[in-house]
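Colleague: Structure incoming, see below.
The values are calculated or read from the model by the stated rules, or taken from the named source; none is laboratory data. Please read all numbers here as calculations on a predicted model, not as lab measurements. Note that we place each Cβ from the backbone using ideal geometry, even for glycine, and neighbour counts take in every protein chain shown. Only protein heavy atoms, including side chains, enter the accessible area calculation; ligands, DNA and RNA are left aside. Shrake-Rupley method; radii C 1.70, N 1.55, O 1.52, S 1.80 Å.
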Amino acid sequence: MKIKTSRDDRVFGVITVFTLIIVMILAIYPLFFSLIASFSSPQAIYQGKVILWPADITFEGYKKIFADKTIWTGYLNGILYTAAGTLLNVIFTVPMAYALSRKEFPLGGVYMKIMVFTMYFYGGIIPLYFVVRQLHMLDSIWAVVLPTMISTYNLIIARSYFLGNIPEELKEAAFLDGCGYLGFFFKIALPLSKSLIAVMVLFYAAKQWNSYFEPMIYLNTESKFPLQLVLRTILIDSQNALANSDASTVADKQQLVDLLKYGWVVVSSIPMLIFYPFVQKHFVKGMMVGAVKG
């Protein structure tokens, strides 16, 4: 049966599609420009020749980046920190969010207010550094993954999901069949929360992968640096070399630094671009289901 649409509905649909196309272009084009600019000569970029396609193709930026052997160590460290950190994030966030979503949990509202309080009032990096040092975690993977183990924002998202999608009637029915609290969580609540887990994995993995400030503060050994910190070091070294150059080579080295910046964006974005399609289906479903109740 064909559904008739009014003229206003068609106009609204056209405006919505047009708006979404504009938003998509604004979101995708900066990364696309970084990609084509990383293969283009700086002169072509300065002259405005690089818009939709690379111009005067060159691989000097990538040669400089991949010539440094530490980048492969950085890749492995970044993957390790991201995998370990995301695993701990999800293991602690999801059960905690589920517990805080249950009405029978004692002082659940008080705990939630304490967690939200940390979003507005932060002790600062210096007290946190002293805590990490006192726990003897400096220059180790634990200094990177443990201080950021639970994100209050993600905890609120997970709690809202459980409140809206795990009804009390389902729990009561499970309890009548002899299921306990742990059994209900592992056998019923978790299988029904695959979309939520996918959202948590993506949020935490993206945060862990793109993190460079915490490793910069806590890690001292270069062999333990993640990719973001390795790329930052390469870029800083290139800028220092530029500052110490004579006038005849400044222009050439400045062009190399510009290529490194674009190459840095591309190299650091590839893993997330590969990872995202595998969780896209669950990610979209999890975000939409958690936003609507009833």
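Colleague: Which of the residues belonging to segment 203-223 are open to solvent by 20 Å² or more (accessible area, probe 1.4 Å) and either at pLDDT 90 or above or out of contact with any Pro (no Cβ under 9 Å at 6 or more places or on another chain) (or both)?
Modeller: Phe203, Ala206, Lys207, Asn210, Phe213, Met216, Ile217, Asn220, Thr221, Glu222, Ser223
Colleague: Inside segment 165-201, can you point out the residues that are under 25 Å from the mean Cα position of the chain (by Cα) and either of a type in the set (Lys, Arg) or more than 20 Å from Leu155 (Cα to Cα) (or both)?
Modeller: Lys194
Colleague: If Ala84 satisfies every condition in (1) surrounded by fewer than 17 Cβ atoms within 10 Å (Cβ to Cβ); (2) touching a Ser or Thr at 6+ places or on another chain (Cβ under 7 Å); (3) of a type outside the set (Asp, Glu); (4) in contact (Cβ under 8 Å) with a residue 60 or more places away in the chain but one, which is the exception?
Modeller: All conditions pass for Ala84, except number (2).
Colleague: Looking only at residues that are among the hydrophobic types (A, V, I, L, M, F, W, C) and within 30 Å of Pro191 (Cβ to Cβ) in segment 120-149, which one is surrounded by the fewest Cβ atoms within 10 Å (Cβ to Cβ)?
Modeller: Met149
Here is a yes/no grid of residues against (1) under 24 Å from the mean Cα position of the chain (by Cα); (2) among the hydroxyl-bearing types (Ser, Thr, Tyr); (3) at pLDDT 85 or above:
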residue	(1), (2), (3)
Gln43	no, no, no
Trp53	no, no, yes
Asp56	no, no, yes
Gly74	yes, no, yes
Phe92	yes, no, yes
Ile114	no, no, yes
Phe130	no, no, yes
Arg133	no, no, yes
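Colleague: Determine whether Ile28 is closer than 18 Å to Ile270 by Cβ, part of a helix (DSSP H, G or I) and open to solvent by 90 Å² or more (accessible area, probe 1.4 Å).
Modeller: So Ile28 fits the description; yes.
Colleague: Against the condition without any contact (Cβ under 8 Å) to a residue 40 or more places away in the chain, part of a helix (DSSP H, G or I) and open to solvent by less than 40 Å² (accessible area, probe 1.4 Å), how does Ala44 come out, does it pass?
Modeller: So Ala44 passes the test.
Colleague: Checking Tyr161 against (1) touching a Ser or Thr at 6+ places or on another chain (Cβ under 9 Å); (2) assigned to a helix (DSSP H, G or I); (3) modelled with pLDDT of 90 or more, which test does it fail?
Modeller: (3) is the only condition that Tyr161 fails.
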